[in-house]
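A short worksheet on the structure shown next.
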Amino acid sequence: MGCASSVYAVGGRKKLTVPEVVVLVPSTRIPAQSDLQRRLRGLIPIDLAHRLSSLRNQIVLVAEDTGGSAIPELRRALEEYLSVLIGLTKKEYGLEGSVEFKWKSLEDGKQQEACVANSWFEVLSVVHLIAVLTLSEADILMIPHDHSGSGIRTVSSDCKRVAVDLLLKASGYLEFCVRDVLIRIPPEIKKKLPNNLHDGVLEAISFQSLGQGTEIQLGLAVDCQKATLSVKRRLACEQLTYFSQAYHCLSGCDINNGCGKKHMWFIKWKFLESKAAAYYFHGLILDKGNEPSCHVSAVCCFLAAEEILSESKKACLTFCLAAPVTRAPPLWGAMRHLHQKIPEVATRKSQMYGYLLEQEKALQTLPDLPEFQLSLRPDDYQLPEMDPAWDAEKWETEGQTLKEHLKDSEDETETE
């Protein structure tokens, strides 16, 4: 899985790269080198075939030379390529299955993951790559570098807000893949797609992106003195809902291949963190009541939050150790505050209201968390306008219109 990397000296001689993960980024898939121009010869005008081939090869070159780190250049190239590629999907041209597209994993360039003769598969792969690059950009923003040597790393509020915007964009790209692209791919081709292009995985990452956006917002709220407990509880409950949805989507997928198990552990880790936060803030609000039952319910929330937080630490460790090995960042956002406050408050309040817990044993039930309408939505994404070069009136291939050329080709086939 794509992550920002940190380098450590091991034994004073060898350097070991252990990626650090804040925003989980799926494995990066890039186009594999292929002679697209030759495959399109005679099907579309020569200059259009050359442009398609050149743009695709440019993406391959930049991705391989930079390891996918040249995000702005790659995004521009992908968007330009997409506007030209769309023409191959139009039914009136009859080219949807005329060209075989090859894609491979950037992490393991020798492994060819997919080779599919379907232009909608190519659109799916391109939009998915744009989403991955967007998640990578958000991850980079959330992993600061301590240039002072003090060991203190901070992320500015502006960077956090930009990261939230990027997460909403990534979620929108992935939702578009499920809603508008996958439905156009025939079932027999869908079965051959790599696991990370299956609808359940795409939906899981889309919800997960919204959950991580809410996680950042919760951290901003915790750091803001004007933010009320109600706002913090709402954000924690919304974050919990997003990760519950992500878990539901991924649980229906085959997670035994690739990074599937690691992905599931990440969602479990974040699900448990958000649940602990939700019960903690819910407990603080209940504790403001005057009735003994309010205090008993509050203590139940605090104790549950403490237990769930402990489970989240174990889930984090399992996630980090699952292949490929990664490491969690230093505590940040709401968790930097809650990892200390939850155990403290749970201990103090259980001691303070210990007599009530003995007297009101019948009330010692964990209250339900409130449900809220979700605030974050994926950004709306639409494919770019089709490149004007696809204007059928301008199509001529060596003196023939495209339709005439295709008719001639059919006649030749029948003759043979």
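Quick look at the values:
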| item | result |
| --- | --- |
| Extreme residue, modelled with the lowest pLDDT, among residues of region 320-376 that are closer than 14 Å to residue 283 by Cβ and either open to solvent by 70 Å² or more (accessible area, probe 1.4 Å) or in contact with a strand residue (DSSP E or B) (Cβ under 6 Å, 6 or more places away or on another chain) (or both) | 364 |
| Lone unmet requirement of (1) farther than 17 Å from residue 29 by Cα; (2) open to solvent by 70 Å² or more (accessible area, probe 1.4 Å) for residue 53 | (2) |
| Residue that is modelled with the lowest pLDDT, among those in region 20-43 that are part of a strand (DSSP E or B) and out of contact with any Gly (no Cβ under 8 Å at 6 or more places or on another chain) | 41 |
| Among (1) buried (at least 22 other Cβ atoms within 10 Å of the Cβ); (2) more than 22 Å from residue 252 (Cα to Cα); (3) within 18 Å of the chain's Cα centre (by Cα); (4) of a type in the set (A, V, I, L, M), the one test that residue 267 misses | (2) |
| Residues of region 269-309 classified as not small (Gly, Ala, Ser) and not in a helix (DSSP H, G or I), total | 4 |
| Qualifying position, being modelled with pLDDT of 95 or more, under 20 Å from residue 375 (Cβ atoms) and touching a Cys at 6+ places or on another chain (Cβ under 6 Å), among 273, 203 | 203 |
| Selection from region 80-96 of residues that are touching a residue at least 40 places away in the same chain (Cβ under 8 Å), surrounded by 15 or more Cβ atoms within 10 Å (Cβ to Cβ) and in a helix (DSSP H, G or I) | 81, 82, 83, 84, 85, 86, 87, 89, 93 |
| Subset of region 29-44 [open to solvent by 20 Å² or more (accessible area, probe 1.4 Å) and either within 30 Å of residue 211 (Cα to Cα) or among the basic types (Lys, Arg) (or both)] | 38, 39, 41 |
| Complete set of residues in region 289-319 that are open to solvent by 10 Å² or more (accessible area, probe 1.4 Å) and touching a residue at least 12 places away in the same chain (Cβ under 8 Å) | 292, 293, 295, 297, 300, 303, 304, 306, 308, 311, 316, 318 |
| Qualifying residue in region 146-164 (condition: β-branched (Val, Ile, Thr) and modelled with pLDDT of 95 or more) | yes |
| Residue identified as modelled with pLDDT under 95 and at positive phi among 258, 289 | 258 |
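The values are calculated or read from the model by the stated rules, or taken from the named source; none is laboratory data. Note that the structure is predicted; figures quoted are calculated from it, not measured. As a convention, Cβ positions derive from the backbone with ideal geometry for all residues, glycine included, and neighbour counts pool all protein chains shown. Areas reflect the complete protein model, heavy atoms only, side chains present, ligands, DNA and RNA absent. Shrake-Rupley method; radii C 1.70, N 1.55, O 1.52, S 1.80 Å.
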